[in-house]
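Computed from the coordinates by the stated procedures, all read-outs in this text should not be read as laboratory data. Bear in mind that the values here come from a model prediction, so they are computed numbers and not experimental data. Note that we place each Cβ from the backbone using ideal geometry, even for glycine, and neighbour counts take in every protein chain shown.
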Amino acid sequence: MDRYNFPDACGHFGQYGGVYVAETLMTALDELKNEYARVKADPAFWQEFHYELKHYVGRPSPIYHAKRWSDALGGAQIYFKREDLNHTGAHKINNAIGQALLARRMGKQRVIAETGAGQHGVASATVAARYGMECVVYMGAEDIKRQSPNVFRMKLLGATVVPVESGSQTLKDALNEAMRDWVTNIDSTFYILGTAAGPHPYPMLVRDFVSVIGTESKVQMPELIGRQPDVIVACVGGGSNAIGLFHPYIDVPGVRIVGVEAGGHGLSSGRHAAPISSGAAVGVLHGAKSYLMQDRNGQIVETHSVSAGLDYPGVGPEHSHLKDIGRAEYVAINDDEALQAFHHCCRLEGIIPALESSHALAWAGKVAPEMTKDQVILVNLSGRGDKDINTVAGLTGISL
Ligand SMILES: *Cc1c(COP(=O)(O)O)cnc(C)c1O
């Protein structure tokens with residue numbers, strides 16, 4: 001495991017990660033790092049965390065054999081880790097609860113969050129209501145228009161949603177604005193970051209909270225099939241649901257690990273959100289070094305994906321490192337392929353998956369026919385697709 005013991009004390013995953021922020025944020029990040037070091041060694045914290053996951057989120061989430069779809073494909077058996085069944089409908093609540101408990105221990109009464117599709121905003125608003133904290137969510141003005149049901153959910157839960165009008169008015173701009181708020185209100189405020197990215201210690205602590213996904217799977221798969229799966233696969237936006245499944249499996253030999261990025265209109269079109277699989281250069285965004293979609297001047301390029309949750313130009317630093325050391329592979333699935341897998345999952349399994357998760361499904365559906373019937377693929381079904389019905393309706397012409 002030594003080889004896989006990252007990050008180091010400064011938050012480096014190989015050459016990636018670190019703390020590339022303005023001096024004004026260093027105090028807050030140091031405070032968070034020190035508190036998390038105490039928490040990591042405190043069994044009472046983890047006991048409460050797991051109590052909340054069980055009684056509030058509904059964990060453990062089951063693993064389901066997608067038998068009809070596997071039979072139709074005629075190859076490997078496909079299993080789903082059902083994060084879509086969590087309270088609020090995705091894996092994001094696991095991380096939001098962990099960070100809210102941290103905030104409470106640190107005496108912070110106000111939490112802020114950034115959100116793209118609105119799933120992390122909803123998870124943050126949910127835990128703020130649950131623990132009695134004030135909640136402000138930064139969301140790009142463009143995303144507010146695209147994701148109105150989630151905006152309404154946040155408001156019902158008592159959060160203030162602040163439209164961000166700068167830049168492309170999407171997720172990366174919301175993240176900038178949340179960081180700006182944090183600098184200004186450091187004493188009262190905890191920043192609940194929504195993915196396994198950002199400056200140290202976020203990629204580490206988010207990973208630790210979402211690793212419950214892989215830790216459960218490692219127990220559940222042997223119960224179901226008598227062994228671990230041959231392949232595990234998850235979609236990669238910032239990388240939290242993927243690292244949550246992957247991390248506990250890193251030191252398990254023989255398990256192939258595959259991250260699926262958003263191929264958008266195809267890698268050659270330039271209209272995608274696939275920094276690793278498109279061979280992007282290394283750069284710094286939102287406080288950490290990682291693979292990053294940028295132009296020749298290092299300016300962030302605009303991304304595209306049919307799924308708002310994958311529409312991000314960077315990726316968490318642990319994924320960049322796993323790619324470099326060859327422990328995980330990264331591939332891209334384009335919009336059309338994801339949409340097709342979405343429909344197969346609806347019709348053959350009676351499960352409406354999130355468009356993000358549909359990217360992982362599509363990759364599994366592509367490789368399963370080339371594998372034998374006794375081989376097993378475990379797909380992380382990161383969320384449910386209720387939030388995506390308007391997008392799908394717009395793309396397929398099926399009327400609502
Ligand atoms: C937000 C989201 C993602 C992408 O975020 P990661 O941090 O890469 O996991 C994937 N699936 C669902 C359902 C989401 O809500």
TODO: For the chain, state what percent of all Cα-Cα pairs lands in each successive 10 Å bin, counting from 0 Å until the bin that includes the largest distance.
DONE: 5, 25, 36, 26, 8, 1
Open item on the list: Per-residue counts of other Cβ atoms within 10 Å, averaged by peptide: what ranking do you get for 153-162, 225-234, highest first?
Closed with: 225-234, 153-162
Open item on the list: Ignoring solvent entirely, what values of log10 I(q)/I(0) come out of the Debye formula for the stretch 233-275 at 0.26, 0.31, 0.32 Å⁻¹ when each Cα is a single scatterer?
Closed with: -0.85, -1.02, -1.05
Task: Full-stretch length increase - ALA41, LEU267 - with 0.36 nm per residue and alpha-carbon distance subtracted - done: 77.0 nm
TODO: Scale the Cα Rg of the stretch 42-193 by the rule-of-thumb value 2.2 N^0.38 Å and send over the ratio, two decimals.
DONE: 1.18
Task: Normalised contact order of the stretch 140-189, rounded percent, pairs of Cα under 8 Å and 6 or more residues apart - done: 40
Task: Per-q log10 I(q)/I(0), the stretch 31-130, q = 0.16, 0.17 Å⁻¹ (Debye; single scatterer per alpha-carbon; no solvent) - done: -0.77, -0.83
Open item on the list: I'm checking a number: the convex hull volume of the Cα atoms of the stretch 160-299, normalised per residue, in Å³. What is it?
Closed with: 162
Open item on the list: Need one number: nm distance between label points at GLU31 and THR396, each 7 Å from Cα along Cα→Cβ, rounded to one decimal.
Closed with: 4.8
TODO: Mind ranking 327-335, 384-392 by how tightly packed they are, going by the mean number of other C-beta atoms within 10 angstrom, highest first?
DONE: 327-335, 384-392
Open item on the list: Which of TYR20, TYR191, TYR131 has the fewest other C-beta atoms within 10 Å, and how do the rest follow up to the most?
Closed with: TYR20, TYR131, TYR191
Task: Sequence of VAL219, VAL206, VAL183 once ranked by neighbouring C-beta atoms within 10 Å, starting from the fewest - done: VAL219, VAL183, VAL206
Task: Residue-span extension gain [PHE152 to HIS50] - 0.36 nm each, minus C-alpha spacing - done: 33.8 nm
TODO: On each of the three principal axes of the Cα atoms of the stretch 198-263, give max minus min coordinate, whole Å, ordered largest first.
DONE: 39, 28, 17
Open item on the list: What does the net charge come to around HIS247 if you take all other residues with beta carbon closer than 13 Å to its beta carbon, with K and R at +1 and D and E at -1?
Closed with: -1
- [ ] Round to a whole angstrom and tell me the spacing of the C-alpha centers of the stretch 87-142 and the stretch 247-289.
- [x] 25
Task: Alpha-carbon Rg with Dmax, taken over the stretch 262-384, Å - done: 15.3, 49
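Rounded to the nearest 500, what is the chain's calculated 222 nm mean residue ellipticity when only DSSP H runs of at least 4 contribute -39500 (n - 2.57) each, over all residues?
-12500 deg cm²/dmol
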TODO: Could you work out the relative contact order of the chain, using alpha carbon pairs under 8 angstrom and six or more residues apart, expressed as a whole percent?
DONE: 20
- [ ] Restricting to the chain, compute how many DSSP beta bridges are antiparallel as a %, nearest 5.
- [x] 30
Task: Kirkwood-based Rg to Rh ratio, the stretch 181-224, C-alpha trace - done: 1.23
Task: Most mobile listed residue (ALA37, ALA128, ALA242) in the chain, GNM with C-alpha springs under 10 Å - done: ALA37
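From Cα pairs below 8 angstrom and at least 6 apart in sequence, can you work out the relative contact order of the stretch 139-276, rounded to a whole percent?
Reported as a whole number, the value is 16 percent.
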Open item on the list: Springs between alpha-carbon pairs under 10 angstrom, Gaussian network model over the chain: which of GLU349, GLU52, GLU23 fluctuates most?
Closed with: GLU23
Task: Mean Cβ count within 10 Å, highest first, over the residues of peptides 193-202, 337-346 - done: 193-202, 337-346
Task: Computed E for ASP187/THR372 - FRET, C-beta separation, R0 45 angstrom, nearest 0.05 - done: 0.15
TODO: Using a cut-off of 9 Å between beta-carbons, work out the net charge of the residues near ILE352 (Lys and Arg +1, Asp and Glu -1, ILE352 not included).
DONE: -2
